[in-house]
Amino acid sequence: MIPFLDIKAQYQSIKSEIDAAVLGVLASGQYVLGEEVLRFEQEFADYCNVKHAIAVNTGTSALHLALLAAGIGPGDEVITVPFTFVATVSAICYAGARPVFVDVEPVTLTMDPAGIEAKITSRTKAIIPVHLYGQMADMDAIKAIADRHGIPVIEDACQAHGAQYKGRRAGSIGVSGCFSFYPGKNLGACGEGGLVVTNNDDHAKTMRMLRDWGQEQRYHHLLKGFNYRMDAIQGAILRVKLRHLEDWTEARRAHARRYSSLLAGFPHLKLPVETADRRHVYHVYAVRSADREGLQRVLSAEGIPSGLHYPIPVHLQKAHADLGYQAGDFPVSEAAAREVLSLPIYPEMPSRHIDQVAAALEYAYVS
């Protein structure tokens, strides 16, 4: 069996560092927020080249707080894409706002700037591009439209730790950027975790209060807040892992290049494309095929798992039927949902496993 993702292999590679960090927190008796989380915030802010980082309990909470800090509330509209994990849209709903969708570009599968302007109304209060699979959206084009209309951009960077757009880190271009540290992410905790980065002092102050019951100081609640605090153990673990992130990213990128080289001759397989002005960090290596189910069967028969990210776009999910969208409204997203297949990729993946996946796909086309 070839694993789709091997979290245990990553732990084994840095076991002594992780164990020491966890034991240090246990010995400190400081288990929620605290010094380890504060240091992780500072280090991650430096990594993203921003002023502030606010650590929270999940990526969804990060998106929720970023929206609230930007003043989003009931009656407002937020433009985003339907080809994303449902959390992007759920966070908008948590804020009381209405998600409004634009389709994605056919090559990068990120927000198509050409569709934004037609969706802007007097109620539009934010735009959330999703940096899908580890590649950033076309931020200059999106920001130009948003700035022209005075609308803040909040980056959903939950799959894009360390990705770059024209040399700028994911999360550093919009008014804020939101990250998830779910265990399978490129920078994953040993549990749940999330974070918001921003250069806006007021937004940072608001989010720090909102994550901790709206407190400015203990028992002084200025806002109606939430229990969105990060555990100290996760902060300590993430500090360790952040030191290895660039090496892991380069390993992912090398694996992606190997995949692309081996699969380049398959005419019925569309490979992911890294655009010239961006750094793709390959959270997912997603190919596209009109015969996705057939490819999955061949891979499964060879003991190779694969993933579907994402088989049903959000506008067609029953949970969001109230938004009133129908099949055909976003054809690029719907085509991607039918065709995308994620292949195994993780930093510690042996090259021979990539060769085996490619050989299985080749067999599928010649058999």
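Within segment 308-331, being among the aliphatic types (A, V, I, L, M), in a helix (DSSP H, G or I) and either surrounded by fewer than 16 Cβ atoms within 10 Å (Cβ to Cβ) or over 20 Å from the mean Cα position of the chain (by Cα) (or both) holds for 316, 319, 321, 323. Does residue 278 satisfy being modelled with pLDDT of 95 or more and farther than 22 Å from residue 86 by Cα? When the stated conditions are applied, residue 278 passes them. Just to be sure, is residue 99 over 22 Å from residue 54 (Cα atoms) and in contact with a Cys (Cβ under 9 Å, 6 or more places away or on another chain)? Yes; evaluated as a whole, the condition is true for this residue.
Every residue, every condition in (1) farther than 19 Å from residue 334 by Cβ; (2) of a type outside the set (Lys, Arg); (3) crowded, with 23+ Cβ neighbours inside 10 Å, yes or no:
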| residue | (1), (2), (3) |
| --- | --- |
| 122 | yes, yes, no |
| 127 | yes, yes, yes |
| 148 | yes, no, no |
| 154 | yes, yes, yes |
| 157 | yes, yes, yes |
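None of 250, 274 is without any contact (Cβ under 8 Å) to a residue 12 or more places away in the chain and either under 21 Å from residue 7 (Cα atoms) or crowded, with 17+ Cβ neighbours inside 10 Å (or both) except 250.
Here residue 261 meets the list (1) over 20 Å from the mean Cα position of the chain (by Cα); (2) surrounded by 18 or more Cβ atoms within 10 Å (Cβ to Cβ); (3) small (Gly, Ala, Ser); (4) over 30 Å from residue 214 (Cβ atoms) almost entirely, failing just condition (2).
Pairs are defined by a Cβ separation below 7 Å, a sequence spacing of at least 6 or placement on different chains, a first member in segment 297-314 that is in contact (Cβ under 8 Å) with a residue 40 or more places away in the chain, and a second member that is open to solvent by less than 60 Å² (accessible area, probe 1.4 Å) and among the charged types (D, E, K, R); the pairs so defined are 313/334.
Residue under question is residue 342, and the condition is that it be under 30 Å from residue 165 (Cα atoms), open to solvent by less than 40 Å² (accessible area, probe 1.4 Å), among the polar types (S, T, N, Q) and at pLDDT 95 or above; does it hold? The answer is yes for residue 342. The helices (runs of 4 or more DSSP H) found wholly in segment 5-98 and carrying at least 2 residues that are surrounded by 14 or more Cβ atoms within 10 Å (Cβ to Cβ), under 18 Å from the mean Cα position of the chain (by Cα) and aliphatic (A, V, I, L, M) occupy 59-69, 87-94.
Condition check ((1) in contact (Cβ under 8 Å) with a residue 24 or more places away in the chain; (2) of a type in the set (Lys, Arg); (3) open to solvent by less than 30 Å² (accessible area, probe 1.4 Å)) across all residues:
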| site | (1), (2), (3) |
| --- | --- |
| 198 | yes, no, yes |
| 213 | no, no, no |
| 220 | no, no, no |
| 226 | yes, no, no |
| 232 | yes, no, yes |
| 246 | yes, no, no |
| 256 | yes, no, yes |
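Residue-wise test of (1) over 15 Å from the mean Cα position of the chain (by Cα); (2) within 14 Å of residue 41 (Cα to Cα).
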residue: 151; (1), (2): yes, no
residue: 162; (1), (2): no, no
residue: 179; (1), (2): no, yes
residue: 190; (1), (2): yes, no
residue: 197; (1), (2): no, yes
residue: 202; (1), (2): yes, no
residue: 212; (1), (2): yes, no
residue: 220; (1), (2): yes, no
residue: 236; (1), (2): yes, yes
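Within segment 106-115, the presence of a residue that is at pLDDT 95 or above, under 19 Å from residue 58 (Cβ atoms), open to solvent by less than 20 Å² (accessible area, probe 1.4 Å) and not in a helix (DSSP H, G or I) is excluded. Would it be correct to say that residue 298 is aliphatic (A, V, I, L, M), open to solvent by 20 Å² or more (accessible area, probe 1.4 Å) and outside any helix (DSSP H, G or I)? For residue 298, the condition - aliphatic (A, V, I, L, M), open to solvent by 20 Å² or more (accessible area, probe 1.4 Å) and outside any helix (DSSP H, G or I) - is not met.
The values are calculated or read from the model by the stated rules, or taken from the named source; none is laboratory data. On a predicted model such as this, the values are computed, not experimentally measured, just so you know. No Cβ is skipped: glycine too gets one built from the backbone with ideal geometry, and neighbour counts run over all protein chains shown. Side chains included, ligands, DNA and RNA excluded: accessible areas come from the protein's heavy atoms. Shrake-Rupley method; radii C 1.70, N 1.55, O 1.52, S 1.80 Å.
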